[in-house]
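All remarks here apply to the structure that follows.
The values are calculated or read from the model by the stated rules, or taken from the named source; none is laboratory data. Small disclaimer: the values here were computed from a predicted structure and weren't measured. Using ideal geometry, Cβ is built from the backbone for each residue, glycine included, and neighbour counts are taken over all protein chains shown.
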Amino acid sequence: MNSKRIITVATTGAWPKKTDNPNLPTQPDEIAEEIYRCWKAGAAVAHIHVRDENDNDSMKVETFKTVLDNLKNDYPDCDIVINLTAAGGIANSEDDRMAPFKTLRPEMASFDCGTMNWMYKGIFNNNPQFLEKMGHSMQEYGVKPEIEVFDPGMIYDAKYYIKKGILREPCHFQFCMGCAGGITATAENLIFMKNIVEREIPGSTWSAFGVGRGAMEIMYTAIAAGGNIRIGMEDNIFYRKGVPAESNVQLVERGRRVVEEFGCEAATPDEARQILGIK
(Lines give C-alpha, C1' and ligand atoms only; values in the text may rest on other atoms or scores of the structure.)
Protein backbone atom coordinates (compact mmCIF):
# COMPACT_ATOMS: atom_id res chain seq x y z
CA MET A 1 0.00 0.00 0.00
CA ASN A 2 1.36 3.40 -0.99
CA SER A 3 2.46 5.38 2.07
CA LYS A 4 2.16 8.70 0.22
CA ARG A 5 -1.33 10.10 -0.08
CA ILE A 6 -2.30 13.02 -2.30
CA ILE A 7 -4.40 15.73 -0.68
CA THR A 8 -6.34 17.79 -3.21
CA VAL A 9 -7.89 21.03 -2.01
CA ALA A 10 -11.06 22.29 -3.70
CA THR A 11 -11.28 25.78 -2.27
CA THR A 12 -14.32 27.32 -3.91
CA GLY A 13 -16.54 25.30 -6.24
CA ALA A 14 -19.49 26.67 -8.19
CA TRP A 15 -22.29 26.48 -5.65
CA PRO A 16 -21.52 27.64 -2.07
CA LYS A 17 -21.94 31.34 -1.31
CA LYS A 18 -20.43 33.67 1.24
CA THR A 19 -23.92 33.84 2.73
CA ASP A 20 -23.48 30.12 3.50
CA ASN A 21 -20.03 30.68 4.98
CA PRO A 22 -18.33 34.10 4.87
CA ASN A 23 -14.91 32.40 4.96
CA LEU A 24 -15.40 30.98 1.45
CA PRO A 25 -12.79 32.40 -0.98
CA THR A 26 -14.45 33.57 -4.18
CA GLN A 27 -12.31 36.32 -5.73
CA PRO A 28 -8.92 35.75 -7.41
CA ASP A 29 -6.76 37.22 -4.64
CA GLU A 30 -8.66 35.25 -2.00
CA ILE A 31 -8.45 32.00 -3.98
CA ALA A 32 -4.72 32.37 -4.67
CA GLU A 33 -3.92 33.14 -1.05
CA GLU A 34 -6.04 30.20 0.15
CA ILE A 35 -4.35 27.81 -2.28
CA TYR A 36 -0.94 28.94 -1.05
CA ARG A 37 -1.87 28.50 2.59
CA CYS A 38 -3.33 25.05 1.84
CA TRP A 39 -0.13 24.09 0.02
CA LYS A 40 1.83 25.08 3.11
CA ALA A 41 -0.53 22.90 5.16
CA GLY A 42 0.02 19.81 2.99
CA ALA A 43 -2.15 20.01 -0.13
CA ALA A 44 -0.40 18.78 -3.29
CA VAL A 45 -3.13 19.55 -5.85
CA ALA A 46 -5.43 22.57 -6.18
CA HIS A 47 -8.76 22.02 -7.93
CA ILE A 48 -9.75 25.51 -9.03
CA HIS A 49 -13.11 27.12 -9.76
CA VAL A 50 -13.59 30.85 -10.18
CA ARG A 51 -16.48 33.25 -9.70
CA ASP A 52 -17.58 36.51 -11.30
CA GLU A 53 -17.68 39.83 -9.47
CA ASN A 54 -21.04 38.84 -7.96
CA ASP A 55 -19.66 35.52 -6.69
CA ASN A 56 -21.58 33.47 -9.26
CA ASP A 57 -19.86 30.59 -11.06
CA SER A 58 -17.76 31.55 -14.07
CA MET A 59 -15.57 29.94 -16.72
CA LYS A 60 -13.97 33.22 -17.78
CA VAL A 61 -10.42 32.51 -18.88
CA GLU A 62 -9.17 35.89 -17.68
CA THR A 63 -10.31 35.15 -14.13
CA PHE A 64 -8.54 31.79 -14.05
CA LYS A 65 -5.46 33.52 -15.42
CA THR A 66 -5.61 36.13 -12.67
CA VAL A 67 -5.65 33.40 -10.02
CA LEU A 68 -2.66 31.65 -11.61
CA ASP A 69 -0.79 34.93 -12.09
CA ASN A 70 -1.39 35.83 -8.44
CA LEU A 71 -0.01 32.44 -7.39
CA LYS A 72 3.05 32.85 -9.59
CA ASN A 73 3.80 36.45 -8.66
CA ASP A 74 2.79 36.61 -5.00
CA TYR A 75 3.76 33.07 -3.95
CA PRO A 76 6.65 32.05 -6.23
CA ASP A 77 7.70 29.17 -3.96
CA CYS A 78 4.35 27.41 -4.41
CA ASP A 79 4.72 24.37 -6.69
CA ILE A 80 1.22 22.94 -6.17
CA VAL A 81 -0.27 20.92 -9.04
CA ILE A 82 -2.88 23.01 -10.85
CA ASN A 83 -6.16 21.28 -11.72
CA LEU A 84 -8.73 23.52 -13.43
CA THR A 85 -12.41 22.71 -13.54
CA ALA A 86 -13.79 21.98 -16.99
CA ALA A 87 -17.35 22.26 -15.76
CA GLY A 88 -18.02 25.35 -13.65
CA GLY A 89 -21.75 25.12 -13.00
CA ILE A 90 -24.18 23.13 -15.16
CA ALA A 91 -25.12 25.85 -17.65
CA ASN A 92 -21.81 26.67 -19.32
CA SER A 93 -21.27 26.07 -23.03
CA GLU A 94 -18.95 23.34 -24.23
CA ASP A 95 -16.50 25.88 -25.67
CA ASP A 96 -16.47 27.90 -22.44
CA ARG A 97 -15.81 24.74 -20.43
CA MET A 98 -12.74 23.84 -22.49
CA ALA A 99 -11.34 27.35 -22.98
CA PRO A 100 -9.47 27.62 -19.65
CA PHE A 101 -7.43 24.43 -20.04
CA LYS A 102 -6.80 25.09 -23.74
CA THR A 103 -5.57 28.60 -23.05
CA LEU A 104 -3.73 28.15 -19.75
CA ARG A 105 -2.56 24.54 -20.15
CA PRO A 106 -2.64 23.40 -16.52
CA GLU A 107 -1.22 20.04 -15.54
CA MET A 108 -4.73 18.66 -14.90
CA ALA A 109 -8.37 19.45 -15.60
CA SER A 110 -11.61 17.75 -14.66
CA PHE A 111 -13.26 15.29 -17.07
CA ASP A 112 -16.82 14.60 -15.90
CA CYS A 113 -17.44 11.17 -17.34
CA GLY A 114 -21.20 11.18 -17.99
CA THR A 115 -24.45 13.10 -17.92
CA MET A 116 -26.52 13.16 -14.73
CA ASN A 117 -29.46 14.81 -13.01
CA TRP A 118 -27.80 17.46 -10.85
CA MET A 119 -29.05 18.26 -7.36
CA TYR A 120 -32.67 17.86 -8.53
CA LYS A 121 -32.25 21.19 -10.32
CA GLY A 122 -31.19 20.40 -13.87
CA ILE A 123 -29.09 18.30 -16.22
CA PHE A 124 -25.30 18.22 -15.97
CA ASN A 125 -24.72 17.55 -19.65
CA ASN A 126 -21.63 15.56 -20.56
CA ASN A 127 -22.81 13.94 -23.78
CA PRO A 128 -20.63 11.43 -25.65
CA GLN A 129 -19.73 13.82 -28.46
CA PHE A 130 -18.55 16.45 -25.99
CA LEU A 131 -16.53 13.95 -23.98
CA GLU A 132 -14.82 12.69 -27.12
CA LYS A 133 -13.97 16.25 -28.13
CA MET A 134 -12.74 17.15 -24.64
CA GLY A 135 -10.67 13.98 -24.28
CA HIS A 136 -8.89 14.58 -27.56
CA SER A 137 -8.34 18.24 -26.64
CA MET A 138 -6.76 17.30 -23.31
CA GLN A 139 -4.35 15.00 -25.14
CA GLU A 140 -3.56 17.74 -27.67
CA TYR A 141 -2.84 20.33 -24.97
CA GLY A 142 -0.96 17.99 -22.64
CA VAL A 143 -3.50 18.11 -19.81
CA LYS A 144 -4.09 15.03 -17.62
CA PRO A 145 -7.79 14.33 -17.09
CA GLU A 146 -9.07 14.06 -13.54
CA ILE A 147 -11.88 11.63 -14.35
CA GLU A 148 -14.75 12.63 -12.10
CA VAL A 149 -17.28 9.84 -11.61
CA PHE A 150 -20.56 10.37 -9.80
CA ASP A 151 -21.84 6.79 -10.09
CA PRO A 152 -20.35 3.38 -10.94
CA GLY A 153 -21.60 3.45 -14.53
CA MET A 154 -19.27 6.34 -15.30
CA ILE A 155 -16.29 4.09 -14.55
CA TYR A 156 -17.41 1.79 -17.35
CA ASP A 157 -17.85 4.86 -19.57
CA ALA A 158 -14.21 5.71 -18.86
CA LYS A 159 -13.20 2.16 -19.82
CA TYR A 160 -14.98 2.66 -23.16
CA TYR A 161 -13.17 5.95 -23.78
CA ILE A 162 -9.84 4.27 -22.99
CA LYS A 163 -10.61 1.59 -25.58
CA LYS A 164 -11.47 4.30 -28.12
CA GLY A 165 -8.24 6.20 -27.42
CA ILE A 166 -10.06 9.22 -26.00
CA LEU A 167 -8.55 8.67 -22.55
CA ARG A 168 -5.02 7.43 -21.98
CA GLU A 169 -3.76 5.23 -19.20
CA PRO A 170 -2.71 5.47 -16.46
CA CYS A 171 -5.95 7.12 -15.42
CA HIS A 172 -6.77 9.09 -12.31
CA PHE A 173 -10.30 8.90 -10.93
CA GLN A 174 -12.06 11.22 -8.54
CA PHE A 175 -15.01 9.56 -6.80
CA CYS A 176 -17.54 12.36 -6.31
CA MET A 177 -19.90 11.08 -3.65
CA GLY A 178 -22.95 12.51 -1.94
CA CYS A 179 -24.08 14.85 -4.73
CA ALA A 180 -27.86 14.61 -5.08
CA GLY A 181 -28.44 12.68 -8.30
CA GLY A 182 -25.27 10.60 -7.87
CA ILE A 183 -24.04 7.83 -5.58
CA THR A 184 -24.51 8.29 -1.83
CA ALA A 185 -21.42 8.98 0.29
CA THR A 186 -20.99 5.77 2.30
CA ALA A 187 -18.01 3.56 3.05
CA GLU A 188 -19.74 0.61 1.37
CA ASN A 189 -20.25 2.56 -1.84
CA LEU A 190 -16.68 3.83 -1.88
CA ILE A 191 -15.27 0.31 -1.62
CA PHE A 192 -17.64 -0.76 -4.40
CA MET A 193 -16.31 2.03 -6.67
CA LYS A 194 -12.69 1.26 -5.75
CA ASN A 195 -13.12 -2.43 -6.55
CA ILE A 196 -14.61 -1.67 -9.97
CA VAL A 197 -11.70 0.61 -10.90
CA GLU A 198 -9.08 -1.87 -9.71
CA ARG A 199 -10.75 -4.75 -11.56
CA GLU A 200 -11.71 -3.00 -14.79
CA ILE A 201 -8.92 -0.42 -15.19
CA PRO A 202 -5.93 -1.77 -13.21
CA GLY A 203 -3.02 0.57 -12.70
CA SER A 204 -5.28 3.58 -12.15
CA THR A 205 -5.01 5.92 -9.20
CA TRP A 206 -8.04 7.24 -7.37
CA SER A 207 -9.18 9.85 -4.90
CA ALA A 208 -12.50 10.48 -3.20
CA PHE A 209 -14.58 13.08 -1.43
CA GLY A 210 -17.97 13.17 0.23
CA VAL A 211 -20.24 16.18 0.09
CA GLY A 212 -21.59 17.60 3.33
CA ARG A 213 -22.25 15.09 6.08
CA GLY A 214 -20.53 12.32 4.10
CA ALA A 215 -17.19 14.12 4.11
CA MET A 216 -15.64 12.45 7.15
CA GLU A 217 -16.82 8.90 6.37
CA ILE A 218 -15.40 9.12 2.87
CA MET A 219 -12.12 10.69 4.00
CA TYR A 220 -11.47 8.00 6.59
CA THR A 221 -12.50 5.17 4.25
CA ALA A 222 -10.41 6.45 1.34
CA ILE A 223 -7.29 6.64 3.48
CA ALA A 224 -7.88 3.19 4.98
CA ALA A 225 -8.51 1.71 1.52
CA GLY A 226 -5.25 3.02 0.08
CA GLY A 227 -6.63 5.99 -1.84
CA ASN A 228 -6.16 9.73 -1.95
CA ILE A 229 -8.46 12.44 -0.65
CA ARG A 230 -10.05 15.69 -1.74
CA ILE A 231 -10.91 18.28 0.88
CA GLY A 232 -12.29 21.78 0.76
CA MET A 233 -15.15 24.21 0.98
CA GLU A 234 -16.36 23.34 -2.51
CA ASP A 235 -17.62 20.12 -0.93
CA ASN A 236 -18.21 21.02 2.71
CA ILE A 237 -18.54 24.47 4.26
CA PHE A 238 -18.67 23.02 7.78
CA TYR A 239 -15.87 21.72 9.99
CA ARG A 240 -18.32 19.62 11.95
CA LYS A 241 -22.10 19.63 12.25
CA GLY A 242 -23.29 23.16 12.90
CA VAL A 243 -19.74 24.61 12.98
CA PRO A 244 -18.71 26.54 9.85
CA ALA A 245 -15.19 25.92 8.60
CA GLU A 246 -12.79 28.73 9.43
CA SER A 247 -10.93 28.18 6.17
CA ASN A 248 -9.88 25.54 3.68
CA VAL A 249 -6.60 25.40 5.59
CA GLN A 250 -8.43 24.11 8.66
CA LEU A 251 -9.88 21.27 6.58
CA VAL A 252 -6.52 20.42 4.97
CA GLU A 253 -4.77 20.39 8.35
CA ARG A 254 -7.31 17.89 9.65
CA GLY A 255 -6.91 15.72 6.54
CA ARG A 256 -3.15 15.71 6.93
CA ARG A 257 -3.45 14.74 10.60
CA VAL A 258 -5.65 11.79 9.68
CA VAL A 259 -3.24 10.69 6.93
CA GLU A 260 -0.32 10.84 9.35
CA GLU A 261 -2.17 9.13 12.19
CA PHE A 262 -2.85 6.27 9.79
CA GLY A 263 0.90 5.90 9.35
CA CYS A 264 1.15 7.56 5.95
CA GLU A 265 2.50 10.89 4.69
CA ALA A 266 0.97 13.70 2.68
CA ALA A 267 2.56 13.64 -0.77
CA THR A 268 4.44 16.70 -1.92
CA PRO A 269 3.44 18.18 -5.30
CA ASP A 270 6.41 16.50 -7.00
CA GLU A 271 5.53 13.19 -5.38
CA ALA A 272 1.95 13.67 -6.55
CA ARG A 273 3.20 14.26 -10.09
CA GLN A 274 5.11 10.99 -9.92
CA ILE A 275 2.12 9.08 -8.53
CA LEU A 276 -0.23 10.55 -11.16
CA GLY A 277 2.17 10.10 -14.06
CA ILE A 278 2.31 13.81 -14.86
CA LYS A 279 5.35 14.62 -16.95
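Condition (residue is in contact with a helix residue (DSSP H, G or I) (Cβ under 6 Å, 6 or more places away or on another chain), at pLDDT 95 or above and of a type in the set (Phe, Trp, Tyr)) applied to the range 171-179: is it met by at least one residue? It would help to see each step written out before you state the result.
Step one: list which residues in the range 171-179 are in contact with a helix residue (DSSP H, G or I) (Cβ under 6 Å, 6 or more places away or on another chain), which gives 172-173, 175, 177-178.
After this cut, where a residue has to be at pLDDT 95 or above as well, the list is 172-173, 175, 177-178.
From what is left, the residues that are of a type in the set (Phe, Trp, Tyr) are 173, 175.
Yes; the residues of the range 171-179 include at least one that is in contact with a helix residue (DSSP H, G or I) (Cβ under 6 Å, 6 or more places away or on another chain), at pLDDT 95 or above and of a type in the set (Phe, Trp, Tyr).
With respect to residue 111, is the statement that it is modelled with pLDDT of 95 or more, of a type in the set (Phe, Trp, Tyr) and either farther than 21 Å from residue 151 by Cβ or in contact with an Asp or Glu (Cβ under 6 Å, 6 or more places away or on another chain) (or both) true? Step through it out loud before you land on a result.
Working: modelled with pLDDT of 95 or more: yes; of a type in the set (Phe, Trp, Tyr): yes; either farther than 21 Å from residue 151 by Cβ or in contact with an Asp or Glu (Cβ under 6 Å, 6 or more places away or on another chain) (or both): no.
Criteria not met by residue 111.
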Item to check | the range 34-47 residues that are free of Cβ contacts under 8 Å to residues at least 40 places away in the same chain, paired with ones that are part of a loop (DSSP other than H, G, I, E, B) and crowded, with 21+ Cβ neighbours inside 10 Å (beta carbon under 6 Å, 6 or more apart) | outcome: 46/80
Checklist entry - Any idea which residue in the range 184-221 is nearest to residue 252 (Cα to Cα), counting only those that are among the β-branched types (Val, Ile, Thr) and buried (at least 22 other Cβ atoms within 10 Å of the Cβ)? => result 218
Next on the checklist: For the range 153-164, check the following and say yes or no: at least one residue is without any contact (Cβ under 8 Å) to a residue 40 or more places away in the chain and among the acidic types (Asp, Glu).
Outcome noted: no
Checklist entry - If you take the residues in the range 257-268 that are surrounded by fewer than 20 Cβ atoms within 10 Å (Cβ to Cβ) and touching an Asp or Glu at 6+ places or on another chain (Cβ under 9 Å), which one is nearest to residue 195 (Cα to Cα)? => result 265
